[in-house]
Amino acid sequence: MDLGIRGKRALVCASSKGLGRGCAEALAEVGVDLVMNARGAEALEAAAAEIRARHQVSVTTVAADITTEAGRAAVLAEGPFDILVTNAGGPPPGLWSDWGREDFIKALDANMLTPIALMQAVLPGMMAQGWGRVVNITSVSVKSPVPVLGLSNSARAGLTGFVAGTSRQVAGKGVTINNLLPGIHATDRAIALDSAVVKARGITMEQAIEERAATIPAGRYGTAAEFGAACAFLCSQHAGFIVGQNVLLDGGATNATL
Ligand code: NAP
């Protein structure tokens, strides 16, 4: 299928590895020029070089912390953008009783206020040109709270509320905003979460992965490539009537009818 977005320009945040990288790869594969971002310059440059070589698209890199005002200003200076994929690292695991105000502010900054600030910056240009696509990488925790990820449960719920309202206010100008909700995917983040289980329960990494995979009807972790393909479709010409949705990619792990 031709996604019809060849030559468009995308900002993909937090994209040197993992799900962001999967989105960058999938967009590049269909001819989208990229601005890629991550804090670590080395991995970012390596990812950009691989994508340029593989897909012959233009890739600009901005090594910056997207959760800071200076970092956002640096990536936004590379605009304008037709497509925005928001992403940042997830908050640390813990218990509901562990966190104080500063922990919440940090999680809200990273996983709610940063994507909101990025949308506020790019939406006017997208609306003025009559076309735009925004995909926010959120989490399965929006639909089904993850007990050890209370900070994520909280911050992402706030972002989801903002998107629900805003997506309906910009759709008339040809701009769609949707959220992709990853369940467990085989990335560094999953390794970090599984390592916490290994430490807490004194089991091996293999056991931790096997136990978690057994809770997923698909029987395995998702891949960054299949996540990226879903993102590219939401950014495509064909997805113009998909507005304000929260799309689960979790191998069936969330046991719900709707
Ligand atoms: P990952 O494998 O750890 O990759 C994170 C990527 O984001 C790296 O490229 C990292 O590079 C970059 N990054 C992290 N913090 C950043 C920041 N402040 N500014 C700029 N770049 C930053 O993580 P992932 O698995 O792809 O997860 C992506 C998001 O999906 C996270 O918010 C995570 O909580 C959420 N999620 C993941 C899963 C899963 O199973 N993987 C499930 C549910 C939700 P640098 O470290 O160099 O900056």
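The values are calculated or read from the model by the stated rules, or taken from the named source; none is laboratory data. Here the structure is a predicted model, which is why all the values come from computation and not from measurement. Cβ placement follows ideal geometry from the backbone for every residue including glycine, while neighbour counts extend to all protein chains displayed. In case anyone asks, the SASA skips ligands and DNA or RNA and just uses the protein heavy atoms, side chains included. Shrake-Rupley method; radii C 1.70, N 1.55, O 1.52, S 1.80 Å.
Any idea which of (1) closer than 21 Å to residue 19 by Cα; (2) within 15 Å of the ligand (Cβ to nearest atom) is the one residue 147 doesn't satisfy?
Here residue 147 clears every test but (1).
Is there a residue in region 106-117 that is open to solvent by 20 Å² or more (accessible area, probe 1.4 Å) and at pLDDT below 95?
Within region 106-117 (the criterion being open to solvent by 20 Å² or more (accessible area, probe 1.4 Å) and at pLDDT below 95), the answer is no, since none of the residues qualifies.
Let me spell it out: the conditions are (1) out of contact with any strand residue (DSSP E or B) (no Cβ under 7 Å at 6 or more places or on another chain); (2) in contact (Cβ under 8 Å) with a residue 24 or more places away in the chain; (3) open to solvent by 50 Å² or more (accessible area, probe 1.4 Å), and residue 39 meets all of them except one. Which number is the exception?
(1)
What is the number of the single condition among (1) surrounded by fewer than 22 Cβ atoms within 10 Å (Cβ to Cβ); (2) in contact with a helix residue (DSSP H, G or I) (Cβ under 9 Å, 6 or more places away or on another chain) that residue 102 does not meet?
(2) is the only condition that residue 102 fails.
Between 47, 14, 28, 10, which is open to solvent by 10 Å² or more (accessible area, probe 1.4 Å) and either within 8 Å of the ligand (Cβ to nearest atom) or more than 16 Å from residue 223 (Cα to Cα) (or both)?
14
Show the residue pairs that are 6+ apart or on different chains and have beta-carbon atoms under 7 Å apart, the first residue being within region 5-25 and within 13 Å of residue 47 (Cα to Cα) and among the aliphatic types (A, V, I, L, M), the second being open to solvent by 50 Å² or more (accessible area, probe 1.4 Å) and in a loop (DSSP other than H, G, I, E, B).
Note: pairs meeting the criteria are 14/89.
Does region 213-230 hold any residues that are assigned to a helix (DSSP H, G or I) and either open to solvent by 60 Å² or more (accessible area, probe 1.4 Å) or closer than 21 Å to residue 168 by Cβ (or both), and which are they?
Within region 213-230, 225, 226 qualify.
What residue, of 191, 209, is within 12 Å of the ligand (Cβ to nearest atom), over 22 Å from the mean Cα position of the chain (by Cα) and open to solvent by 40 Å² or more (accessible area, probe 1.4 Å)?
Answer to the check: 209.
For region 118-141, name all the residues that are among the β-branched types (Val, Ile, Thr), open to solvent by 10 Å² or more (accessible area, probe 1.4 Å) and within 16 Å of the ligand (Cβ to nearest atom).
Those that are among the β-branched types (Val, Ile, Thr), open to solvent by 10 Å² or more (accessible area, probe 1.4 Å) and within 16 Å of the ligand (Cβ to nearest atom): 137, 140.
So residue 172 passes all but one of these: (1) open to solvent by 50 Å² or more (accessible area, probe 1.4 Å); (2) outside any loop (DSSP other than H, G, I, E, B); (3) within 13 Å of the ligand (Cβ to nearest atom). Which condition number does it fail?
Condition (3) is where residue 172 drops out.
Taking residue 202, is it within 20 Å of the chain's Cα centre (by Cα), at pLDDT 95 or above and among the small types (Gly, Ala, Ser)?
Against the criterion (within 20 Å of the chain's Cα centre (by Cα), at pLDDT 95 or above and among the small types (Gly, Ala, Ser)), residue 202 does not qualify.
Before we move on, is residue 244 in a helix (DSSP H, G or I) and away from the ligand (no atom under 15 Å from the Cβ)?
Against the criterion (in a helix (DSSP H, G or I) and away from the ligand (no atom under 15 Å from the Cβ)), residue 244 does not qualify.
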